[in-house]
Amino acid sequence: MEIPSKYIASEVEDKWYGYWMNKGFFHSEPDDREPYTIVIPPPNVTGVLHMGHMLNNTIQDILVRRARMLGKNACWVPGTDHASIATEAKVVNKLAKDGIKKDDLSREEFLSHAWEWTDKHGGIILEQLKKLGASCDWQRTCFTMDEPRSESVIKVFVDLYNKGLIYRGIRMVNWDPAAKTALSDEEVIYKEEKSKLYYVRYQIEGTTDEWVTVATTRPETILGDTAVCVNPNDSRYAQLAGKRVLVPLVNRSVPIIQDDYVDIEFGTGCLKITPAHDANDYEIGLRHNLQVIDTFNDDGTLSEAAGMFAGEDRFVVRKKIVPLLEEAGNLVKIEEYNNKVGYSERTDVIIEPKISAQWFLKMTDLSKPALDAVENDEIEFHPKKFKNLYRHWMENVKDWCISRQLWWGHRIPVYYLPDGGYVVAETDAKALALAIEKTGNGSLTVADLKQDEDVLDTWASSWLWPIAVFDGINNPDNPDINYYYSTNDLVTAPEIIFFWVARMIIAGYEYRNDKPFKNVYFTGIVRDKLHRKMSKSLGNSPDPLDLIAQYGADGVRVGMLLCSPAGNDLLFDEALTEQGRNFANKIWNTFRLVQGWQIDETIRQPEVARMAIDWFNQKLSETIVTVDDHFAKFRISEALNLLYVMVRDDFSSWYLEAVKPAFGRPIDGKTIAETKTIMEKVMKLLHPFMPFITEEIYQYIAPRTDDDSIMVSLMPEAGVVDAALLKDFEEAQEIISAVRNIRAGKNLSPREALELQIVGRELGRFEAVVVKLANISVVNVVEKADESASSFLVGTTEFAVPLGERIDPEAELKKLEEELIYIRGFLGSVLKKLSNDKFVNSAPAAVVEAERKKQADAESKIKSLTDSIAKLKA
């Protein structure tokens, strides 16, 4: 077949992805093979492909493709998440552009718009993943709000409620004024900010000139104060016990209370208490039975209860209230102050603590099996450093606020009765039956019941993902769940270790009594060269599809993996994707070189070719063993780097140089056949990383049937590694490199054959390789090298290349003496380091050993140089 001169990635990628899809190679059904299962971390239905997705899904695809080629029944389940807050915000914004307000719509009308938007945009990111080469089982695509998943979520809510684990409570929650919903603690991101600390004095009731001063960062909440608190051990305020103060501006009389919570050292030692708007104040308020005045509306504006500023935004009020406090004589001073402020993880607005009736899931008992599973390595984290973070959260877990004040999501299956109370049921019909049973009122209809308006937290659906994608909640004994669960590996980001990973583990043990996955591989954050997180707002995030168009999917995959150690941030540089493309081009050009050789079946295989084939097959086995070890330890980048170097150096340089025929001459049939066999094995090893170019070359290497694809072929296995043979070839490589260095240093043509002398022993089994690659005319074993020779050491053996009239003795002597001065200086610096007891005793053993090797090498080099100088002076 005619091979194109250039590798055109876009044409190859479209061709082979379509072929794989048409052949159904991505699809899996239970059979008698060992299953290998990954469930995709479902991207938000609102999302488009970004660099984090690229990294995460490249790693997943590598793992899945490799598993297929190891003979496993690989199943990678794709899908998307309905993302309650993010999607509802998108739909609200879209409606606003059309002149429609959410508040003017019924719930059903709004949801019809939301589904329309989801149907239009929801599949975009999955289609984009196909451009990357993602080999997902697209027939199994799931959505967290499709019918089977929705049924699963509702069924689990009812089950947990019936187990006494879900309850409704009035609590202080994190409130998002933009989304107008409660958030869990994990959905709040704290940012260090430069704030101001306002010192405000409160007049003691019944006096004209007695005051207490408090310090606050939020003067707008003063309007909701219902007490001032001091520490009972603070002697400065002992006389205030039982007295009352007047709240500034509103002149509300509130008590001075005593509580150990107050930090005597912070601020003035007096604390204003606003139970409706601070979590700690709320707890103090419960202990002291304080009045609760909610001065904020759901949208972050002030309410009528504030007494002033009703309807104005909280931060506008903050600016307005300060001059009023000053004018009233209550403002003492303002100081600069650094503090951490909580932001909504979804909308990036400052959250408000708010007292609200919400649904909660008790977590303490549920979490114990999930903690034990990670502690005893039934589930392993890669890297292991995240185990400590997981342990800390699980040991301090709080009840999970699972209700959200939204319309888009799984509506909470709680039905309120006309005369009070409620029932919890999976469907309207079941709710009615329960309501009739509970009330004894047989005349009740569904219309008499009022379902809870709230929906469940998005994570309260995705925590079931590894089970629900196989319908294991609704049909717990179906063939898919029994075969594919538990899954093998999860690839995700450490930012959602609490949101998602921990909760999936909890759900796994609660509903399958088994782990949801064996391994969790945590990727790092993709950052730019300045260590900034990539984001649209910074303009530092390239469009992944543009990168694929420019560098090819294989180039982008390789570029990202070259700098992506597990758990560490990836410093992305577009030059790496260029390096990935260049690597693909090198592979292509190497194959074209081999394919371009003329073949003569009558020629006998040269000894040098036989030797090179023996060596490379051993090198391949050694590489396979190491690659297998890297994958077992989830060192995926290291595995790629090893293969990269093997292809670039061992195969393209050493091997092909050894076997290639002389210019204009044909190659023997045995060598070309074995070379193509080797290249096919190399393509298979590379395929998980570079699926497209490897399939293209695989199809060119030999005639294939229509169903013969590299992605469903078997990975090559390692043979017994002959370490002695590999060591002998390394010596041959050192000899060849040294001779080439002599040529370069003496400006000798590579075409000029040279004599090689070896002192005291034979060259060894790879003499033919040395002769060909170093262009040696004759190898002589001598007792002493020629006086005119340029010598070098490999190990403890001296080698020499007689130069005769080829060199200028004076110029050579000057060069050697300069090199000797440099090497002696280098040795001096090494000896100084080794004479430092602190370094020798505290540095890692490997580091000390490396310095000692430098010493030995330098001393050997000095001896060689000294001998060469002596010969020239003789």
(request) Go over the candidates GLU88, GLU151 one by one and state the one that is farther than 30 Å from GLU696 by Cβ, buried (at least 21 other Cβ atoms within 10 Å of the Cβ) and acidic (Asp, Glu). (result) GLU88
(request) Could you list all residues from the stretch 292-342 that are touching a strand residue (DSSP E or B) at 6+ places or on another chain (Cβ under 9 Å), among the polar types (S, T, N, Q) and surrounded by 14 or more Cβ atoms within 10 Å (Cβ to Cβ)? (result) THR295, THR301, SER303, ASN330
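Just give me the residues in the stretch 286-317 being assigned to a loop (DSSP other than H, G, I, E, B) and charged (D, E, K, R), in sequence order. It would help to see each step written out before you state the result.
So the first thing to find is which residues in the stretch 286-317 are assigned to a loop (DSSP other than H, G, I, E, B), and the list is 289-295, 297-300, 303, 307-312.
Residues satisfying the conditions are ASP294, ASP298, ASP299, GLU312.
Looking only at residues that are among the β-branched types (Val, Ile, Thr) and closer than 17 Å to PHE792 by Cα in the stretch 747-770, which one is nearest to the chain's Cα centre (by Cα)?
At the first step, the residues of the stretch 747-770 found to be among the β-branched types (Val, Ile, Thr) are 758-759, 769-770.
Okay, now just the ones that are also closer than 17 Å to PHE792 by Cα, so 758-759, 770.
On the way: ILE758: 53, VAL759: 55, VAL770: 46 Å.
Only one residue fits best here, namely VAL770.
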(message) Can you tell me which condition ALA9 does not meet? The list is (1) farther than 20 Å from ASN589 by Cα; (2) surrounded by 20 or more Cβ atoms within 10 Å (Cβ to Cβ), and all the others hold.
(response) (1)
(request) Six or more apart or on different chains, Cβ under 8 Å: which pairs go from a residue in the stretch 749-772 that's closer than 16 Å to ALA738 by Cβ to one that's aromatic (Phe, Trp, Tyr) and open to solvent by less than 40 Å² (accessible area, probe 1.4 Å)? Could you list them? (result) LEU756/PHE799; GLN757/PHE799; ILE758/PHE799; VAL759/PHE799; PHE766/TRP615; PHE766/PHE729; VAL769/TRP615; VAL769/PHE729
(request) Return a yes/no flag: does the stretch 537-556 have any residue that is within 26 Å of ARG635 (Cβ to Cβ), out of contact with any His (no Cβ under 8 Å at 6 or more places or on another chain) and open to solvent by 30 Å² or more (accessible area, probe 1.4 Å). (result) no
(message) The conditions are (1) over 27 Å from LYS633 (Cα atoms); (2) surrounded by 21 or more Cβ atoms within 10 Å (Cβ to Cβ); (3) not β-branched (Val, Ile, Thr), and ASN478 fails exactly one of them. Which is it?
(response) (2)
(request) Specify which of the listed residues (GLU680, GLU730) is open to solvent by 20 Å² or more (accessible area, probe 1.4 Å), over 27 Å from GLU2 (Cβ atoms) and modelled with pLDDT of 95 or more. (result) GLU730
(message) Testing TYR198 on (1) open to solvent by 50 Å² or more (accessible area, probe 1.4 Å); (2) farther than 23 Å from GLU510 by Cβ, one condition comes back false. Which one is that?
(response) (1)
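Take ALA276 and tell me if it is in contact with a strand residue (DSSP E or B) (Cβ under 9 Å, 6 or more places away or on another chain) and under 19 Å from ALA357 (Cα atoms). Break it down into steps so the answer makes sense when it comes.
Numbers: in contact with a strand residue (DSSP E or B) (Cβ under 9 Å, 6 or more places away or on another chain): yes; under 19 Å from ALA357 (Cα atoms): yes.
Criteria met by ALA276.
If only one of VAL455, VAL446 is touching an Asp or Glu at 6+ places or on another chain (Cβ under 7 Å) and either under 30 Å from ASP185 (Cβ atoms) or modelled with pLDDT of 95 or more (or both), which one is it? I'd like the intermediate steps shown before the answer.
Numbers: VAL455 fails: touching an Asp or Glu at 6+ places or on another chain (Cβ under 7 Å).
Being touching an Asp or Glu at 6+ places or on another chain (Cβ under 7 Å) and either under 30 Å from ASP185 (Cβ atoms) or modelled with pLDDT of 95 or more (or both) holds for just one of VAL455, VAL446, which is VAL446.
This table checks each residue for (1) of a type in the set (Asp, Glu); (2) out of contact with any Gly (no Cβ under 7 Å at 6 or more places or on another chain); (3) at negative phi.
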| position | (1), (2), (3) |
| --- | --- |
| LEU129 | no, yes, yes |
| LEU132 | no, yes, yes |
| SER135 | no, yes, yes |
| ASP146 | yes, yes, yes |
| VAL156 | no, yes, yes |
| ASP159 | yes, yes, yes |
| TYR167 | no, yes, yes |
| ARG171 | no, yes, yes |
| LYS180 | no, yes, no |
(message) Return the residues of the stretch 841-864 that are of a type outside the set (S, T, N, Q) and closer than 20 Å to GLU798 by Cβ; say none if nothing qualifies.
(response) LYS853, ALA856, ASP857, ALA858, GLU859, LYS861, ILE862, LYS863
(request) Sort out which residues of the stretch 571-581 are touching a residue at least 40 places away in the same chain (Cβ under 8 Å), among the hydrophobic types (A, V, I, L, M, F, W, C) and surrounded by fewer than 23 Cβ atoms within 10 Å (Cβ to Cβ), and write them in order of number. (result) LEU571
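Conditions tested, residue by residue: (1) open to solvent by 50 Å² or more (accessible area, probe 1.4 Å); (2) among the hydroxyl-bearing types (Ser, Thr, Tyr).
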{"position": "PHE583", "(1), (2)": "no, no"}
{"position": "ILE587", "(1), (2)": "no, no"}
{"position": "LEU593", "(1), (2)": "yes, no"}
{"position": "GLN598", "(1), (2)": "yes, no"}
{"position": "THR602", "(1), (2)": "yes, yes"}
{"position": "ALA609", "(1), (2)": "no, no"}
{"position": "LYS619", "(1), (2)": "no, no"}
(request) List the number of the failed condition for LEU642; all other conditions in (1) over 27 Å from THR675 (Cβ atoms); (2) open to solvent by 10 Å² or more (accessible area, probe 1.4 Å) hold. (result) (1)
(request) Would you please name the residue that is farthest from SER344 (Cα to Cα), looking only at residues in the stretch 487-515 that are open to solvent by 30 Å² or more (accessible area, probe 1.4 Å) and under 22 Å from the mean Cα position of the chain (by Cα)? (result) ASN488
(request) Only residues in the stretch 294-321 that are touching a residue at least 40 places away in the same chain (Cβ under 8 Å) count as the first member; pair them with residues that are open to solvent by 60 Å² or more (accessible area, probe 1.4 Å) and not hydrophobic (A, V, I, L, M, F, W, C), Cβ under 6 angstrom, at least 6 apart or cross-chain, and list the lot. (result) ASP298/LYS180
(message) Where the second residue is of a type in the set (Asp, Glu) and in a helix (DSSP H, G or I) and the first is farther than 18 Å from LEU642 by Cα and modelled with pLDDT under 95 and lies in the stretch 540-560, which pairs have Cβ atoms under 6 Å and are six or more apart or on separate chains?
(response) none
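Look at the stretch 207-224 and say how many of its residues are in contact with a Cys (Cβ under 6 Å, 6 or more places away or on another chain) and free of Cβ contacts under 8 Å to residues at least 24 places away in the same chain. Before you say what the answer is, go through the steps one by one.
Residues of the stretch 207-224 that are in contact with a Cys (Cβ under 6 Å, 6 or more places away or on another chain), as a first pass: 212, 214.
So of that shortlist, the ones also free of Cβ contacts under 8 Å to residues at least 24 places away in the same chain come out as none.
Residues meeting the conditions: 0.
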(request) Could you grab me the full set of residues in the stretch 165-195 that are assigned to a loop (DSSP other than H, G, I, E, B) and surrounded by fewer than 15 Cβ atoms within 10 Å (Cβ to Cβ)? (result) none
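Can you tell me which of GLU326, GLU335, GLU283, GLU265 is assigned to a helix (DSSP H, G or I), farther than 29 Å from GLU186 by Cα and among the acidic types (Asp, Glu)?
On the way: GLU335 fails: assigned to a helix (DSSP H, G or I); GLU283 fails: farther than 29 Å from GLU186 by Cα; GLU265 fails: assigned to a helix (DSSP H, G or I).
Step by step, each of GLU326, GLU335, GLU283, GLU265 is checked, and only GLU326 is assigned to a helix (DSSP H, G or I), farther than 29 Å from GLU186 by Cα and among the acidic types (Asp, Glu).
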(request) Collect the residues in the stretch 130-147 that are farther than 11 Å from GLY79 by Cβ, in a helix (DSSP H, G or I) and not polar (S, T, N, Q), keeping them in residue-number order. (result) LYS130, LYS131, LEU132, GLU147
(message) Can you tell me which condition THR217 does not meet? The list is (1) surrounded by fewer than 16 Cβ atoms within 10 Å (Cβ to Cβ); (2) on the phi > 0 side of the Ramachandran plot, and all the others hold.
(response) (2)
(message) Looking at the stretch 520-536, can you tell me whether even one residue there is in a helix (DSSP H, G or I), in contact (Cβ under 8 Å) with a residue 40 or more places away in the chain, open to solvent by less than 10 Å² (accessible area, probe 1.4 Å) and touching a strand residue (DSSP E or B) at 6+ places or on another chain (Cβ under 9 Å)?
(response) no
(request) Could you tell me which numbered condition PRO661 fails, if it satisfies all but one of (1) over 24 Å from GLY596 (Cβ atoms); (2) open to solvent by 10 Å² or more (accessible area, probe 1.4 Å)? (result) (1)
(message) Can you name every one of the helices (runs of 4 or more DSSP H) wholly within the stretch 768-874 that holds 3 or more residues which are closer than 30 Å to ARG751 by Cβ and open to solvent by 60 Å² or more (accessible area, probe 1.4 Å)?
(response) 809-834
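The values are calculated or read from the model by the stated rules, or taken from the named source; none is laboratory data. Quick caveat, the model's predicted, so the values are computed rather than measured. Cβ sites come from the backbone with ideal geometry, for glycine too, and all protein chains shown count toward neighbours. What goes into the accessible areas is simple: the full protein's heavy atoms, side chains included, and nothing from ligands, DNA or RNA. Shrake-Rupley method; radii C 1.70, N 1.55, O 1.52, S 1.80 Å.
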